[in-house]
Amino acid sequence: MQHIASAIKRLIKKNGLEQGLNQQKAIDVWGEVVGKKINKNTEPTKVEFGILTVKTKSAVWRQELYLQKENIIKMINKKLNKKTIKDIRFI
C-alpha cells in the first residue's frame, strides 16, 4: 500500500495538481477551523489563486469575519501545514 501512495503523490506533483488539492483542502477544513457557529452562517465556495471565497448569511457576518480574517487565514494555513490561503473574500 505504501508504494501506491507514494506513486500517487509523485503523479500529483509531476502534473502540477498539488496546489489545487491544497486549495480544496482549505474548503474541506473550513468548518473545523472556524467552529460550529461561524460554519453554520457561512459557506466556503471556491479558492482561486490563493483567495478563498466564502458566502455569508448577512452583512453583519461579513463584517465580523472581515475583522477576524487574518487570524482565520493563519489557522487554515496552520491546519494545512502550508501557506495555501493568502486572502479571504467574504460575499
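Please treat every number below as a calculation from the coordinates, not as lab data. Everything numeric here is computed off the predicted structure, so don't read it as measured data. No Cβ is skipped: glycine too gets one built from the backbone with ideal geometry, and neighbour counts run over all protein chains shown.
Results, tabulated for the structure shown:
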{"read-out": "Net charge of neighbours whose Cβ lies under 14 Å from the Cβ of Lys78, counting Lys and Arg as +1 and Asp and Glu as -1", "value": "+3"}
{"read-out": "Qualifying aspartates and glutamates (Cα of each under 15 Å from Cα of Lys37; at least 8 residues distant if same chain)", "value": "Glu64"}
